[in-house]
Structures are given as structure tokens and as C-alpha cells.
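Report on the structure given below.
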Amino acid sequence: MSPAELLAALHWRYATKKFDPAKPIPAATWQALEQSLVLAPSSIGLQPWKFIVVTDPAVKAALAGASFRQAQPADCSHFVVLAVRRGIDAAHVDRFIARMAEVRKVTVESLAKFRTMTLGNLERARGEGTLDQWQEHQVYIALGQFMACAAMLGVDTCPMEGIEPEKFDAILGLAGTGYATVVACAAGYRLPGDKYAVFPKVRFRTEDVVRQV
């Protein structure tokens, strides 16, 4: 992809208000977008998240009802709910370290210093009362990567904070799992005639928001 093609994709992207419910995302395209979530960066690599991908029409309709009656959850092809791991603990860290040892073909014991450093950072944040907020920030990194990748593949998205997280948790069976809804994103294809698709983007001038030092 050239720089010009990248910018064209980002100009083309907008927070889609009306999705075409009859146009699903092709399987190969979705598999790539799913991997864009899996490959998203996170602080210390801890991946404090779970991504619930909803395609069942009945569940999407229920989530639309918990989104102040916005239509995107019901009409889009794939509705992604991004949940955070609250109160992240040593068990999560150990699971990550075990996976690191598996992928990099090293021993768990060789990662002992990394484990100590990681747990120290988590405990410091826990003591300051910022642990869950810190982890929620990571979820938004994944959201941004997902939306950018979707634009590059010509897939429309709409990030959604106008939702009722507790109702989402109940509908998706997250209550009591340690995971909680943070934000959601509808993905699919815009419905022809959506007036917002042709509105020019309104952004501050580059020099007003980018400072070179």
C-alpha cells in the first residue's frame, strides 16, 4: 500500500450510521480483521482483553436494544464487543508467560525476572487505584488498529461508546467472568444513500495538532 492509498482509505472511512444488513463481510476478509485484533499491541504485551464477535441476529438485536436503540449493532455484518480483564492478576500473567515460553521456545524459569517486573507494575497500579483504567486504555489501542485495518480492506466500521455496558455483560454472559464490556464496534458495509458517507471530514489543520520538535 502506498502512502497515497493509505490516506485515501483513511479519508474514505467514517463512523458509519447505516449498514447494509444484506451484505456480509467475506470470510477471508473477516479472518484478517480478526487477526488484526489478536495482533494488537498492549502494555507489557499482557493483552488484557477479550473480543466477542457477534453475528447471531437475535443477539445483535438484543445488543441494539442495549445501545439506546441505535441500529448499527443489528444491521452490521459483525458486531465486535471489546471487553477488558478487570483486576488483572498473577494467574493472567502466568498464562501469558507460559504462552511466551511456548512461542519463543524458552523455559518459564528463564522469564522469572520479567514476571517479577510485570507483577510489580501491576501491584503498583493496583495500589494507586489505576489498574483497571490502565488496562482499559489497552482496549482502545486494539479498537484503533481494528478500524484502521478495516478501512484498508474497504470495510466500514462504527465505534460505539453509546452502549449500556452492564446490559451487554448480561446478554453476552460476561458477568462473573472477570471480563467487562468497555466499547463496541460495528463492522460491515455502508448502506447506499447514507448521507454521512459523503460529508467531508472536518479536522483541525495539521499545524494546529502536530508539533515538530
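The values are calculated or read from the model by the stated rules, or taken from the named source; none is laboratory data. In this text, all values refer to a predicted model and were calculated from it rather than measured experimentally. Cβ coordinates were reconstructed from backbone atoms using ideal geometry, including for glycine residues, and neighbour counts include every protein chain displayed.
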(request) Go through the range 123-139 and give me each residue that's closer than 14 Å to SER42 by Cα and surrounded by fewer than 16 Cβ atoms within 10 Å (Cβ to Cβ). (result) GLN133, HIS137
(request) Give the number of residues within the range 63-90 that are out of contact with any Leu (no Cβ under 9 Å at 6 or more places or on another chain) and surrounded by 17 or more Cβ atoms within 10 Å (Cβ to Cβ). (result) 8
(request) Only residues in the range 199-213 that are touching a residue at least 60 places away in the same chain (Cβ under 8 Å) count as the first member; pair them with residues that are assigned to a helix (DSSP H, G or I) and polar (S, T, N, Q), Cβ under 7 angstrom, at least 6 apart or cross-chain, and list the lot. (result) none
(request) Being farther than 26 Å from PHE19 by Cβ, hydrophobic (A, V, I, L, M, F, W, C) and either modelled with pLDDT of 95 or more or surrounded by 19 or more Cβ atoms within 10 Å (Cβ to Cβ) (or both) narrows it down to one of PHE168, PHE146, PHE96, so name that one. (result) PHE96
(message) Of everything in the range 20-58, what is outside any strand (DSSP E or B), buried (at least 17 other Cβ atoms within 10 Å of the Cβ) and of a type in the set (A, V, I, L, M, F, W, C)? Give them in sequence order.
(response) ILE25, TRP30, LEU33, LEU37, ALA40, LEU46
(message) Take THR118 and tell me if it is surrounded by 12 or more Cβ atoms within 10 Å (Cβ to Cβ) and over 16 Å from SER42 (Cβ atoms).
(response) no
